[in-house]
């Protein structure tokens, strides 16, 4: 046997061995932290973060998305788009059953859409361009749009459009339907038990439509309300997974160094949380663009990233996170430059009027960030007063436009038409609501660009429009963009394949397995 | 005695009604409404969504009508529905009641027993090293914030020596039964109960000590001594029994607050009790649930006040039941 053949054989054996080593193993239980405790698990009725995280295992959407946000099959196995980009035809996967054994069909899709239009604010907005939805047969669903809608294929993720069992919800009072507390979906795990205040238990769906999956037997979501106690629970081995945002950021470096601990920042590509300061454009000094620009120059965002967020994340360049479509960094830049900030304030005639700043009541990291920004602004001569509230009080103040500067962070959902425009177009100015255009910025050119961008074809045209919009917005500074946040997921290294898509932990644990 | 109890119950109902009305308006004075909180958490809101939520919570009705509906419910023992948690308020409270009572009653028993014991020793050996040691010990636990004691306890007993679990009510997923389950719950209970108990223990120690020293100086103690009674008998039967009245008063007040009074301990140790339920309801402006917890706590205070009055009579027969 020649040396070359021997080498080839050895290599082949080695490769087989390593492939075998990575072959998913079946069985085992994962304990993950959920914070705060979800108010319910019926994703079509409540959509806050923890609900999505837990229920993403129970419910499914038609599609899921890769880290590059390309659509992938889930309950729909294929899809086609007509040449005029107005008709989308989805072929549903056959042999899918609800957890109670009933088959999943196109009728469920039609029902879910009608229900979500009434109960899910984001789905309602996403579906606004849909003219009609039809089901020519049990496994085909056809969406006809009023006009082409660029991000349409990006709205089918489980949290944005979860499929609901028609046979359990039709004709019932959705608000009080008993299945809200014992949800039935098509997902890889079935709801088993919820001891309020303690844990939520899910067990493997033995009839899951992807053969061999899920690999885990059970998943426990542990409710631990105190951030320090959550860190200890991981340290003492009581939980295996700390999803992003479970612990205070200053604990992340310490926990990351623990034995057999793996950390990943992946799985946030679809959401791309972007933090900024709402600036009330309506009144006082902040109505002047130069004062808003001065704020951008005055704040040391690298300090915030390196010290407050422990080096995690990225300094934002504008209204779009760098992970979403049509992002451009060809925009005016605002480096940390207190001298320039002072000059701009002087030019704008700022005379020390009091400016109220509202930190976000999401825990210690946000409090510290509030203090750092306050100090930055005081350093350039601004008169800053911190207003402390809890989340409810803060939301009310922001919704009522009763603030000057307020911290926030929002998801972007992969496309500027879904998660960016809503914060800058004048049609999204509505008192009493949060997360729309609460800063009161109004620019007809921006309104037109976002209106055109949503329906423009082809893709290159959309890119052109959104690049222009980003330039104008960054020049006008309607809000002060701070950081693209990164919430690292901390877990034992034996937990494999936990995050496989751009939706991360919210996409369910169907690919995850334990290397015991 | 029966007429005393009956009259107190009638008064209690009137007080309860006043509490309900006051709380109803008080929590609505706080900024923030549940619809906006829920819309906020969903990361999206529009007019339809907020309006739907307001209707769901009954917030679209005029305030007096909301109050009328609520009081009518209370009269039929219906504490309302928590739309946030998708469950009747009474069910949510009852679910949490056992865990809370287990924690608070254990802490209460520990604190009262140890507090009175240490207080008695301190008074008996007033001015000695033992007295100073107990006093310092009590002051330290009284002065230390509960959350700090809790975290230090976790650091020492869970992280460093790994003797006790750091959170929860039982080992999740262990499915233990019988004695093994009791031992498991007991292990989880030790740290939260001690944390909560040590704080109250300090109060009872100080109170017992001060009260005993005061009673010791009174004439009837001198008489007892003159009669030739032994020191032990004097301390137990004459001094302690008379010195207990203020301790009973304090214990009565504490007992009334047992249900809602362990918010911090329950939060740090992830103990699934009512304190945390109340805290979450407050943050989320879950009005019905919050009012439900308040009503339950108020009823407990009223009941324990009544019990305190009855215990007074047992401790000091001179006290008569006067309505």
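The values are calculated or read from the model by the stated rules, or taken from the named source; none is laboratory data. All values reported here derive from a predicted model rather than from experimental measurement. Heads up, the Cβs are rebuilt from the backbone with ideal geometry, glycines too, and the neighbour counts pull from every protein chain shown.
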- Note on the structure: Checked the stretch A:68-104 for anything over 28 Å from the mean Cα position of the chain (by Cα) and assigned to a loop (DSSP other than H, G, I, E, B); matches are A:82, A:83, A:84, A:94, A:95, A:100, A:101, A:102
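If the requirement is being more than 23 Å from the chain's Cα centre (by Cα) and under 18 Å from residue B:137 (Cβ atoms), which of these qualifies: B:180, B:210?
B:210
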- Task: Could you please give the count of residues in the stretch A:48-63 that are surrounded by 24 or more Cβ atoms within 10 Å (Cβ to Cβ) and touching a helix residue (DSSP H, G or I) at 6+ places or on another chain (Cβ under 6 Å)?
- Result: 3
- Query: Taking interchain pairs and intrachain pairs at least six residues apart, which have beta carbon atoms under 8 angstrom, with the first residue in the stretch A:487-516 and without any contact (Cβ under 8 Å) to a residue 12 or more places away in the chain and the second surrounded by 24 or more Cβ atoms within 10 Å (Cβ to Cβ) and assigned to a helix (DSSP H, G or I)?
  - Reply: A:500/A:507
- Query: Just one of the numbered conditions (1) at pLDDT 90 or above; (2) away from chain B (no Cβ under 14 Å); (3) more than 28 Å from residue B:88 (Cα to Cα) is not true of residue A:12; which one?
  - Reply: (1)
- Name the residue, out of A:105, A:97, A:80, that is free of Cβ contacts under 8 Å to residues at least 12 places away in the same chain and farther than 21 Å from residue A:454 by Cβ. A:80
- 1 or more residues in contact with a helix residue (DSSP H, G or I) (Cβ under 8 Å, 6 or more places away or on another chain) and within 14 Å of another protein chain (Cβ to nearest Cβ): qualifying helices (runs of 4 or more DSSP H) within the stretch B:27-131: B:34-42, B:47-57, B:89-124
- Note on the structure: When every residue in the stretch A:124-137 that is in a loop (DSSP other than H, G, I, E, B) and surrounded by 14 or more Cβ atoms within 10 Å (Cβ to Cβ) is compared, the one farthest from the chain's Cα centre (by Cα) is A:129
- Message: Tally up the residues in the stretch B:68-101 that are surrounded by fewer than 19 Cβ atoms within 10 Å (Cβ to Cβ) and within 22 Å of residue B:264 (Cα to Cα), please.
- Response: 5
- Task: Could you tell me whether the stretch A:438-457 includes any residue that is touching a helix residue (DSSP H, G or I) at 6+ places or on another chain (Cβ under 7 Å) and within 13 Å of chain B (Cβ to nearest Cβ)?
- Result: yes
- Can you tell me how many residues in the stretch B:162-187 are farther than 18 Å from residue B:107 by Cα and in contact with a helix residue (DSSP H, G or I) (Cβ under 6 Å, 6 or more places away or on another chain)? 3
- Note on the structure: For residue B:173, the lone unmet condition from (1) touching a strand residue (DSSP E or B) at 6+ places or on another chain (Cβ under 6 Å); (2) in contact (Cβ under 8 Å) with a residue 24 or more places away in the chain; (3) within 11 Å of chain A (Cβ to nearest Cβ) is (2)
- Exception for residue A:172 within (1) outside any strand (DSSP E or B); (2) without any contact (Cβ under 8 Å) to a residue 24 or more places away in the chain; (3) within 14 Å of chain B (Cβ to nearest Cβ); (4) farther than 22 Å from residue B:87 by Cα falls at (4)
- Is it the case that some residue within the stretch A:453-476 is crowded, with 18+ Cβ neighbours inside 10 Å, within 24 Å of residue B:50 (Cβ to Cβ) and free of Cβ contacts under 8 Å to residues at least 40 places away in the same chain? no
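Counting only residues that are in a helix (DSSP H, G or I) and either touching a strand residue (DSSP E or B) at 6+ places or on another chain (Cβ under 6 Å) or away from chain A (no Cβ under 12 Å) (or both), how many does the stretch B:261-303 have?
15
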- Name the single residue, out of those in the stretch A:422-437 being surrounded by fewer than 19 Cβ atoms within 10 Å (Cβ to Cβ), in contact with a helix residue (DSSP H, G or I) (Cβ under 8 Å, 6 or more places away or on another chain) and within 14 Å of chain B (Cβ to nearest Cβ), that is modelled with the highest pLDDT. A:427
- Since residue A:186 meets every condition but one in (1) under 30 Å from residue B:92 (Cβ atoms); (2) within 13 Å of another protein chain (Cβ to nearest Cβ), which condition does it not meet? (2)
- Item | Among the candidates A:33, A:29, residue that is surrounded by fewer than 22 Cβ atoms within 10 Å (Cβ to Cβ) and over 24 Å from residue A:147 (Cα atoms) | A:29
- Hey, any hits in the stretch A:221-228 for a residue that's surrounded by fewer than 21 Cβ atoms within 10 Å (Cβ to Cβ), more than 10 Å from chain B (Cβ to nearest Cβ) and without any contact (Cβ under 8 Å) to a residue 60 or more places away in the chain? no
- Can you tell me which residues in the stretch A:357-397 are in a strand (DSSP E or B), away from chain B (no Cβ under 14 Å) and crowded, with 16+ Cβ neighbours inside 10 Å? A:357, A:384
- Task: Could you check how many residues of the stretch A:93-121 are within 17 Å of residue A:171 (Cα to Cα), away from every other protein chain (no Cβ under 14 Å) and surrounded by fewer than 21 Cβ atoms within 10 Å (Cβ to Cβ)?
- Result: 5
- Item | Residues of the stretch A:205-216 classified as surrounded by fewer than 20 Cβ atoms within 10 Å (Cβ to Cβ) and within 14 Å of another protein chain (Cβ to nearest Cβ), total | 0
- Message: Being within 14 Å of chain B (Cβ to nearest Cβ) and touching a residue at least 24 places away in the same chain (Cβ under 8 Å) is the requirement here; does residue A:253 meet it?
- Response: no
- Message: Suppose we filter A:431, A:468, A:461 for residues that are part of a loop (DSSP other than H, G, I, E, B) and farther than 30 Å from residue A:308 by Cα; which single one remains?
- Response: A:431
